[in-house]
């Protein structure tokens with residue numbers, strides 16, 4: 001029966017496709033072939049003429065007269081052509097971005113990327129900072145939709161950094177900052193870093209409230225709700241979804257309203273409010289189909305099927321889940337395909353068909369594993385791919401030149417053609433093998449360094465001593481100190497584990513981690529160490545990227561080789577400065593016994609601590625610097641007074657930022 005149903009569905013789909021293609025052909029013959037401008041109303045043409053004559057340079061200035069037609073690709077194509085004839089680049093940028101957004105909303109991601117990239121190029125040529133930021137943000141959104149996490153994060157951070165260079169930003173640039181923060185938050189959400197995501201969305205929400213942008217507030221509340229739902233905080237999620245729904249209703253945003261109602265229904269299912277959830281989902285389905293948002297439609301189908309499972313209506317559940325699976329497979333929505341397969345496995349298990357249930361279960365697990373591997377692989381290898389892209393481009397250009405020379409010779413001699421063709425194919429094969437081997441070696445080196453880094457951070461001496469300190473607090477019945485120490489210890493371990501999965505992090509996050517580390521070490525030193533962090537006024541630590549967990553080995557050395565053997569006052573200072581645009585300088589200064597005395601003390605000890613953290617850190621800095629024009633530098637300076645007495649040690653790190 002199921003096979004017959006699928007056959008009939010496929011037949012109907014083929015018929016629908018044929019009818020659709022016929023209608024498109026008729027439309028082209030009647031309207032587009034003679035010149036699509038004939039279908040454009042004269043009122044719109046006059047609007048375009050007035051915009052081109054006024055030539056506004058801001059997004060809002062252009063958008064004011066086109067807001068009703070901006071999602072219509074026919075109108076935007078007409079505007080783009082008219083602006084091109086008039087040499088009005090800002091108008092072309094606007095039209096290309098609107099068409100890109102339209103294609104993104106119907107899951108035509110390759111077309112969207114092409115249009116937004118062309119818009120970005122023209123915005124640079126027009127020297128329009130606001131439209132350049134807008135184009136970067138739109139590219140970030142598309143790449144996030146396709147799970148290209150690193151690329152999405154790069155575009156979002158580029159847009160944010162560009163916007164923050166403006167001393168007195170306009171309303172349009174402030175809007176760009178909010179979009180960047182929202183985009184970066186969505187990347188963190190995709191990576192399941194929900195705390196970081198909520199921080200970004202909350203920061204964006206505050207700015208949107210200041211601007212009075214209800215659409216931005218609606219979007220941020222929706223995103224915050226999704227993060228809370230993922231964390232299992234259903235009450236907080238429902239509050240944010242409801243607030244977002246209120247704003248979308250006020251704005252008369254059909255898509256925003258549908259998304260909010262779908263999200264509220266999702267929470268209702270978790271709360272066993274199945275009837276309310278079903279009513280909401282059935283109400284949103286036909287409206288989502290009209291919008292032609294295929295991802296949203298497939299997710300609604302799947303969730304209606306899920307509700308019917310909880311209501312024991314297995315035939316209805318099967319119908320909707322198979323429809324959701326069909327759409328997700330057709331448009332390659334892997335998350336939706338995995339979710340529908342998981343629910344179909346649950347459905348067939350309840351129906352007693354354990355063989356089919358197991359088949360769908362394996363499909364779901366395979367897809368989840370594939371998505372997880374792809375996400376991690378993209379994130380870890382993206383830096384290497386970027387590094388290799390220029391080299392590959394040069395190789396391709398060289399091969400193209402060589403190929404042209406070969407073809408020129410081949411026109412004169414058929415025998416030379418055969419020999420040269422075989423030689424070129426062999427050369428290409430060898431180059432590919434060498435390139436692939438080089439890439440694999442680089443990947444292995446990166447992973448080895450990250451593993452070694454994590455082992456150095458999770459130093460067994462540090463863990464053992466910290467746990468011993470907690471044990472002593474418990475034995476001495478110092479409950480508050482034990483809990484406080486344990487909280488700091490657990491938070492530090494969590495930050496180390498989170499940071500170990502990242503190639504690079506913001507300097508602000510790194511400073512939070514080392515502050516926790518020093519707090520824990522200081523407790524064991526009876527708070528004798530005076531640790532201070534100072535940052536120059538011209539530095540924003542949130543915008544500076546450094547390798548993750550790079551400072552802790554230097555602080556550990558300062559404590560154990562400099563201060564542990566010192567009597568009296570113990571100080572460590574960490575200073576961040578930026579002497580030029582190419583490097584960020586990080587100085588770590590201690591007033592310990594100095595390296596010379598430390599070596600003597602070390603030689604006299606029976607058990608010697610071998611520190612490998614500094615060597616690993618230097619290797620990681622070298623690998624990090626490959627993506628920059630300048631290399632890193634690490635200098636260790638011994639400090640002396642006028643009488644040549646040791647005053648301690650200073651470590652200076654110069655980390656490239658451009």
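Every read-out reported here was derived from the displayed coordinates using simple, explicitly stated rules and does not represent laboratory data. In this text the structure is predicted, and so the values were computed from the model without any measurement. Cβ: placed from backbone, ideal geometry, glycine included. Neighbour counts: every protein chain shown.
Give me the distance between the Cα centres of the range 203-237 and the range 480-512, rounded to whole Å.
26
For the range 42-149, what relative contact order do you get, as a whole percent, if you take Cα pairs closer than 8 Å and at least 6 residues apart?
RCO, the range 42-149: 22 percent.
By how many nm would the segment from residue 60 to residue 596 lengthen if fully extended, with 0.36 nm per residue of separation less the alpha-carbon distance?
186.4 nm
May I ask you to work out the translational diffusion coefficient for the range 39-127 at 37 °C, viscosity 0.692 mPa s, via Stokes-Einstein with Rh from the Kirkwood sum over Cα pairs, reported in whole µm²/s?
Rounded, D is 254 µm²/s.
Order 486-495, 341-350, 214-223 from most to least packed using the mean count of other Cβ atoms within 10 Å. Provide the component values of the computation, followed by the final result.
Details: 486-495: 16.1, 341-350: 20.6, 214-223: 22.3.
The densest-packed peptide leads the list: 214-223, 341-350, 486-495.
Place the peptides 550-561, 273-284, 359-370 in order of packing, highest mean first, counting for every residue the other Cβ atoms within 10 Å and averaging per peptide.
So the order, starting with the most tightly packed, is 550-561, 273-284, 359-370.
DSSP beta bridges in the range 502-656, what fraction antiparallel, as a percent rounded to 5?
Restricted to the range 502-656, the bridges split so that about 80 percent are antiparallel.
How much length is gained on full extension from residue 252 to residue 533, taking 0.36 nm per residue of separation minus their Cα-Cα distance?
Extending this stretch completely gives an extra 96.2 nm.
Any idea what diffusion coefficient the range 64-189 gets from Stokes-Einstein, in µm²/s, Kirkwood Rh on alpha carbon pairs, 37 °C, 0.692 mPa s?
Working: Rh = 14.5 Å.
Taking Rh from Cα pairs, D becomes 226 µm²/s.
Can you tell me how much longer the chain between residue 526 and residue 480 gets when fully stretched, taken as 0.36 nm per residue apart minus their C-alpha distance, in nm with one decimal?
Computed gain between residue 526 and residue 480 is 15.0 nm.
Can you give the relative contact order of the range 147-251 as a percent, counting alpha carbon pairs under 8 Å and 6+ residues apart?
This gives 20 percent for the range 147-251.
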